[in-house]
1. Of the DSSP beta bridges with both residues in chain B, give the percent that are antiparallel, rounding to the nearest 5.
2. Which values of log₁₀ I(q)/I(0), to two decimal places, follow from the Debye formula for the range B:5-226 at q = 0.15, 0.16, 0.17 Å⁻¹ with a uniform point scatterer at every Cα?
3. Using Cβ counts within 10 Å as a stand-in for footprinting exposure, how do A:114, A:201 rank, fewest first?
4. Using only Cα positions of the range B:132-221, each an equal point scatterer, no hydration layer, compute I(q)/I(0) via Debye at q = 0.11, 0.12, 0.14, 0.21 Å⁻¹ and quote the log10 values to two decimals.
5. Ranking B:341, B:34 by Cβ neighbours within 10 Å, fewest first, what do you get?
6. In nanometres, what is the gap between the two model label sites at residue A:208 and residue A:15, each 7 Å from Cα along Cα-to-Cβ?
7. As a test of the formula, what do you get for chain B when each DSSP H run with n ≥ 4 contributes -39,500 (n - 2.57) and the sum is divided by the residue count, at 222 nm and rounded to the nearest 500 deg cm²/dmol?
8. State, to one decimal in nm, how far the label point of residue A:137 lies from the label point of residue A:30, with both points 7 Å from Cα in the Cβ direction.
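Where a number appears in this text, it was derived from the coordinates with a stated rule and is not lab data. In this text the structure is predicted, and so the values were computed from the model without any measurement. Using ideal geometry, Cβ is built from the backbone for each residue, glycine included, and neighbour counts are taken over all protein chains shown.
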């Protein structure tokens, strides 16, 4: 008997390897750069390892901490404003009859439909006139227009997943409309709303173009710092900043994965 | 409306967009009465219930509870409680929290709430389940929690929207009696929506048969069952056998295609002409040629009945008796018999006068379409 070797493993292994390299290659490179003291061409690996650049980033004179602070403040404010708009909007949309619903949901996509650059340039010009340029409020406003799509779409799905019967059951035994919303609908939609908050937070943390045009140079966020560092050839600082940006993203993604249930996801955009 | 009516629905019309679901409907319900709204899906019974509850807005008409006009009151101000078909229990609350919510809204003290809910849980057989979430309950238990949640607020009117349709057939039979007993004991006024004839018959004081947004007939279960006012009601109440015949109406007797049957009180609106004859499979008797019909009180001559001849097309045994498909001319009817007959055997079918429901065929053929929709 001859043992036949299944040659199919070969292309599969190659494909998987390639995929792993595409995903983890840049990440490994980034991690290496954060601890490289000295690294130049043609060397495959850094010549010197150390945390010297971390000290520089976190030193009182480095901009990283300030940028991180303003990034978090801006992202938090963006979440608050977006949810304040998305909760009533999402609730109304989820209880609306269908033809209008699709139209409204589509309307929130419009800011995404145009090329970002000209839009932001115009916003910057307008904000400059009314004195919002270079302020946290201005940057938050830009981030809100960006994040509102996610917030409204996910909030609509979250509220749609709450059966109208559940709300009516509360109404029928004596709860007014606000009481029923507060006691029944809101708690049941909370996981979805939390997920939408996280998406908005991450979007805001990551946002570059709008922040650059509206906020710079007075407001510096982590992505702006990253840009300045890497365009100055300072790969260590850039990598450390990128790592800082990566941590909340990965952490929150794990949370979202837990909270965004299938029944909510299936209603996104419906 | 009736002076004694506790809940009165006056000339109510409800529509969704261009379609009219209820059209000028009137209904009066007494205090402590258990009324079943019976009809097939799409007849408007659930819409009527939701209109009473305040979830559907009538285009015209009024709803009064004890002479208080509640037509424009929101659902939470009507003093009613609705039990949903889906039970609509709140998954983030425990059984006790679900049941206590209404009392909490009323601002009752904790002591009072605890004792009232404890009492209700005992009454409903839910003791010891108070800390469970709805997901950890069986269907029957969920149904009881939903009922308990509605009863906790001591509503003037209890509205039930097919509350038994999601239960196992076996549990359903016992829950029927439980709900009925509870309603009697609490003296609560109840409106129950169902498409199940037997459920309505067993539970209700009065059955309101609905069809296409109108009330076809209302009366006691016995009334509706034995004296259906329209072909639709007859078919819905189980008189599925249908024959077309020429009738001529005399003072005491009705001539059905040459045969004399006794005119019964429920035949009084009959006119001579084409008519459709309806009867239940269990009301007819299957006879061999030459065999005489069973003796009846008052004798055969007085009772009279319809005799038909045909051949047995098929035999089945649904339990308790044999069910025969009997071919009579173009039509096939179903007749029950304690003993089986052979396939293709020539038989006679005897239907006593009291079991015959005779209706004039309307000229536009509307009745035909309605009744066909039921038998499908």
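1. 75
2. The computed values of log10 I(q)/I(0) come out as -0.98, -1.11, -1.23.
3. A:114, A:201
4. For the range B:132-221 at q = 0.11, 0.12, 0.14, 0.21 Å⁻¹, log10 I(q)/I(0) is -0.33, -0.39, -0.53, -1.12.
5. Final ranking by Cβ density, sparse to dense: B:341, B:34.
6. 3.2
7. About -8000 deg cm²/dmol.
8. Output for this residue pair reads 3.4 nm.
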